[in-house]
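The structure under discussion appears below in the form of structure tokens.
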Amino acid sequence: MKTYTYASAVVILIVFVLGGCKISKDVALPAGAVPESFRNSNQVDSSSIASLSLKDFFTTAGVKELIDTALARNYDLQLALKNIESADLLFKQSKLANMPDLRLQVTANSNRPSDNSLNGLSASQFLDTRHIEDFNANIGLVWEADIWGKIKNQKHAALATYLQTAEVKKAIQTRLIANVAQGYYKLLMMDAQMAAAKRNLTLSDSTLRIIKLQFDAGQVTSLAIQQAEAQQLVAAQLIPQLEQNITIQENALRILAGKLPGPISRLGSLEQTKIPEQLTAGIPSEMVSRRPDVKSAELSLNIANAKVGITKAGLYPTLSITAGAGLNSFRASDWFNIPASLFGIVAGGITQPIFQRKQLKTQYELAKIDREKVVIVFRQSVLNAVGEVSDELVKIEKLKTQYDISSRRVNTLQQAVKNSNLLFRNGMATYLEVITAQSNSLQSELELAAIKTAQLNAGVELYRSLGGGI
């Protein structure tokens, strides 16, 4: 009878072990989530600007200096590095999950049972004492066999979580680089707009003086003076507004770089800053392998697969082995009397959840639903990434056209200002024509600076959206 029972248990255990290999299947990344090419990309070259290093992509000295400082001192990036350290410790801890739990225990206690109790009567009759003492020193071991891969899946989840923190750090880094570069270009833009406003203010002052002379000579009315002063005030108002914005932008850049608010040195001007001519996007599959947010979504699928395996393993029996050995005695004097005080115990057991099975089954089904949600999130992250790249490609293309048109408009209006001033001084143009020419020239110069900055920012955003800067 004992032989039959032992054989049955062995057979059942073998069946469970063989079945454990198939308790959970990982879900792969969805096929067809990545398109073959980007919209607005007419290139067949698979190379991408994302493969360029920071020093090769950013050629402006001021930008490179700020980026280097921000990467070294930015607090968000430092926090991300600390999160990586925490995740690394948890991952190293997960590697020890297969190790048995080994504990050393030393206890000593004294018990005075009631004289009318069975223990009290036995102690007084057989041991001739009213106190029962127990001295114990042992090493205990508990080990769970990873039959269903639960511990293995826990390791996989810990590894994916660690890698996710690294991808979060990369995402913060790429966004930080983009913010610093775009902030610096914005400073250069406001510097250019400040210069345009001051030039226009000087022209307006000159025009106003001439009109006042004409008014004194009775050639124009006071309306001419009022309109000239109004045009002068337009340019004058821009200067404090730009000074305010420049100070705020400098403070923001200094904070990004981990420094107290203060001035930012310029190592060039917007006019001297060159716009990259060839900005290749490559192919979407390469972008997916680089983008930190997409990689993080992919790692989330690994974690979801591991959780499905863990919850499925919870439905099956748990095989655990316990063992203990040490010294035990009822008297302190005999505690270390070897081998008389030696003892040992070994036990093994299989635990199968019964009343909790419905709860565990629900957890397993929820884990599968969560995994399906992660697949949807991955598809969405790819979709957003491809959309960002496509948006920046069309911006780069159309902003170039806008810049060419705006540049020609600036040249035309600057020449118009010169001509109107000459004609006005010779009495061949009215003050309204001069004021209109100056106003149009100012607006066109402000717009040209904004368009060039938008071009530079679009290039930076394309670099970031392709996964560059890591």
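Just so it is clear, none of the values below were taken in a lab; they were calculated from the coordinates. What you see is a predicted model, and the numbers here were worked out from it, not measured in a lab. Backbone-built Cβ (ideal geometry, glycine too); neighbour counts: all protein chains shown.
List of remarks:
- Aspartates and glutamates with Cα under 13 Å of Lys155, excluding same-chain neighbours fewer than 8 positions away: Asp88, Asp146
- Exposure proxy ranking, count of Cβ atoms within 10 Å, fewest first, for Arg290, Arg464, Arg266: Arg266, Arg290, Arg464
- Our analysis of region 346-405 gives Rg over Rh at 1.57, with the two radii drawn from alpha carbon positions and Rh computed by the Kirkwood formula.
- Evaluated with a Cβ-only charge set (Lys, Arg +1; Asp, Glu -1), the chain carries a dipole of roughly 600 debye about its Cα centre, given to the nearest 20.
- Counting only alpha carbon atoms, the long axis of helix 222-256 and the longest principal axis of the chain meet at about 20°.
- The tail of the calculated P(r) for region 409-454, taken as Cα-Cα distances beyond 11 Å, holds 63 percent of the pairs.
- Neighbour-limited loop hits for GluC sites (Glu not before Pro), region 333-429 (at most 13 other Cβ within 10 Å; DSSP other than H, G, I, E, B): none
- Farthest towards the positive end of the charge dipole of region 207-291, among the residues Leu256, Thr280, Gly268, is the Cα of Leu256, using unit charges on the Cβ of Lys, Arg, Asp and Glu.
- Magnitude of the charge dipole for region 69-194, about its Cα centre and with charges confined to Cβ atoms of Lys, Arg (+1) and Asp, Glu (-1), is about 700 debye.
- Candidate aspartates and glutamates - alpha carbon under 12 Å from Lys64, same-chain residues fewer than 8 apart omitted: Asp56
- Electrostatic bookkeeping for Leu203 treats Lys and Arg as +1 and Asp and Glu as -1; over the other residues with beta carbon under 13 Å from its beta carbon, the sum is +3.
- For the chain, relative contact order (Cα pairs under 8 Å, six or more residues apart, normalised by length) works out to 27 percent.
- Each Lys or Arg adds one and each Asp or Glu subtracts one; over the other residues with Cβ under 15 Å from the Cβ of Lys373, this totals 0.
- Alpha carbon centroid spacing (whole Å) that separates region 289-315 from region 332-349: 47
- Alpha-carbon centroid distance for the pair region 230-288 / region 164-191, whole angstrom: 12
- Among the GluC sites (Glu not before Pro) found in region 165-272, those both in a DSSP coil and sparsely packed, with 16 or fewer other Cβ atoms within 10 Å of their Cβ, are Glu271.
- Long-range amide H partners of Glu133 with built H, under 5 Å: Asn111
- With Cα atoms, 0 to 90° folded angle of helix 61-73 axis to the chain main axis: 30
- Expressed per residue, the C-alpha convex hull volume of region 365-470 stands at 108 Å³.
- Cα coordinate range in the chain, projected on the principal axes (Å, largest first): 137, 54, 38
- Across Lys169/Lys452; Lys95/Lys361; Lys259/Lys400; Lys169/Lys259; Lys198/Lys418; Lys169/Lys361, pairs whose alpha-carbon gap is larger than 25 Å: Lys169/Lys452; Lys95/Lys361; Lys259/Lys400; Lys169/Lys361
- With 30 Å as the limit, the listed pairs Lys152/Lys358; Lys295/Lys358; Lys274/Lys295; Lys82/Lys395; Lys373/Lys395 have Lys295/Lys358; Lys274/Lys295; Lys82/Lys395; Lys373/Lys395 beyond it between alpha carbons.
- With a simple spin-label model that places each label point 7 Å from the Cα along the Cα-to-Cβ direction, the separation between Arg408 and Ile338 comes to 9.9 nm.
- Shape category assigned to region 32-155 from the gyration tensor of Cα positions, a/c cut at 1.5: prolate
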